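One structure below.
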Amino acid sequence: MAGRNYTAVTEFLFTVFAEHPERGLSLFLVFLGFYLLTLLGNSGMIFLIRKDRRLHTPMYFFLSHLSFADICYSSAIVPQMLAVLLEHGVVISKARCAAQFFLFTFFASMDCYLLAIMAYDRYVAVCRPLLYVTIMTEKARLGLVAGAYVAGFSSAFVRTVTAFTLSFCGNNEINFIFCDLPPLLKLTCGERYTQEVVIIVFAVFVMPACIVVILVSYLFIIVAVMQIRSAGGRAKTFSTCASHLTAVALFFGTLIFMYLRDNSGQSSEADQVVSVLYTVVTPMLNPLIYSLRNKEVKEAVAKSLSQPKASGRP
């Protein structure tokens, strides 16, 4: 470090898909459409769950919070990405970058915890059906969701403080869609071992821990389903988990590809494409996945659409 000049970074220049500037407008329109669908779909899901009494069950209670988390963490990222695409680059302060990193980490952690809780809910429903009502009480549901919020906030707070006590110097350009760890770590200078250890330790308590809960829950579910004698009964029982499994595969699949792999030799454009999947596409698809695969949701949608027609009749 001695004898070398470093310019401290106090703001970051964000560029998105800089390799193809001519695609800026078309990408802006596509991502704007995705974002509007995300807001519409998840808000509609929350509205349906609150309005229809048939959806006042633990699974849909957790799903409403998942929809809320999807709206929040997509909103923390997509508007800035749209501005970058439209203006071909946006400068944001270090404080604003830290706030975005905190919000994304908080609500992405919430998604992880809620998907794990929903896996446990499906385990109880399939493997302990007679005890389901006594286990998944209103108090238990509120406690699980409150715990997810507290754990998500704590993890995001510690990771944000730890990440932004690092020194950033030299080039301040980030060719990525938001303030995330991989691009930020490329701009650091000086000693960062302690901070990286803390960041990794807290990351282990979120994604891998949630994956373990999901895998163990579905292992018990598969064993229980295989003990059902009729093929129709097995298919009907497992179909109740299909929507959740699809959402888990989409969300955790892209996160694992992004964070639990060797990043050496990977292009920034490839990383941007993957990040778009879990920040823009997955939140948009979740309401569609649950509405297409769940009979109760489809009936609630049909009932909601038919009410205006019924009220308009003489």
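The values are calculated or read from the model by the stated rules, or taken from the named source; none is laboratory data. All values reported here derive from a predicted model rather than from experimental measurement. Here the Cβ is made from the backbone with ideal geometry for all residues, glycine too, and neighbour counts use every protein chain on show. Heavy atoms of the whole protein, side chains included, go into the accessibility calculation; ligands, DNA and RNA do not. Shrake-Rupley method; radii C 1.70, N 1.55, O 1.52, S 1.80 Å.
Counting only residues 5 or more places away or on other chains, whose amide H sits under 5 Å from the amide H of S167 once H atoms are built in the peptide plane?
C189
Is region 51-190 best put as rounded, prolate or oblate by its Cα gyration tensor, with a ≥ b ≥ c the root eigenvalues, rounded for a/c under 1.5, and otherwise prolate when a/b is larger than b/c, oblate when not?
Values: a/c = 3.61, a/b = 2.27, b/c = 1.59.
It comes out prolate by the Cα gyration axes.
If you take the alpha carbon radius of gyration of region 44-119 and divide it by 2.2 N^0.38 Å, what ratio comes out, to two decimals?
Dividing the Cα radius of gyration by 2.2 N^0.38 Å gives 1.39.
Would you work out the Kirkwood radius for region 79-135? I mean one over the mean of 1/r across all pairs of different Cα atoms, in Å. Don't skip to the answer; put the middle values down first.
Values: mean 1/r = 0.0685 Å⁻¹.
Across region 79-135, the inverse of the average 1/r is 14.6 Å.
Per-residue counts of other Cβ atoms within 10 Å, averaged by peptide: what ranking do you get for 144-157, 242-255, highest first?
Details: 144-157: 16.9, 242-255: 18.9.
Ranking the peptides 144-157, 242-255 by packing returns 242-255, 144-157.
Are there GluC sites (Glu not before Pro) in region 14-107 that DSSP puts in a loop and that have at most 12 other Cβ atoms within 10 Å, and which ones?
Here the GluC sites (Glu not before Pro) that fit, given the DSSP loop and packing criteria, are E19.
Hey, for a label at L131 modelled as a point 7 Å past Cα toward Cβ, could you say which residues of region 205-219 have their backbone N under 20 Å away?
213-219
Hey, what do the phi angles of region 103-110 turn into as Karplus ³J(HN,Hα) couplings, whole Hz, using 6.51/-1.76/1.60 and θ = phi - 60°, x for Gly and Pro?
Each residue of region 103-110 in turn: 4, 4, 4, 4, 7, 5, 4, 4 Hz.
Give the long-range amide H neighbours of I174: residues separated by 5 or more places, or on another chain, with amide H under 5 Å away, using H modelled in the peptide plane at 1.01 Å from N.
For I174, whose amide H was placed from the backbone, the distant partners under 5 Å are L13, F14, T15.
Where only protein heavy atoms count, and the probe is 1.4 Å, what is the accessible area per residue for region 1-149 in Å²?
Dividing the accessible area of region 1-149 by its residue count gives 48 Å².
Can you give me the % of accessible surface on region 26-147 that is carbon or sulfur? Probe 1.4 Å, all protein chains present, nothing else counted.
Exposed carbon and sulfur together represent 71 percent of the surface.
Figure the gain on full extension for A140 and A302 (residue separation times 0.36 nm, minus the Cα-Cα span) and round it to one decimal in nm.
Net length gain for the segment: 55.2 nm.
Residue by residue, what Karplus-based ³J(HN,Hα) values in Hz, rounded to whole numbers, does region 137-148 have, using 6.51, -1.76 and 1.60 with θ = phi - 60° and x for Gly and Pro?
Taking θ as phi minus 60°, the curve returns 6, 4, 5, 5, 4, 5, x, 5, 5, 4, x, 5 Hz for region 137-148.
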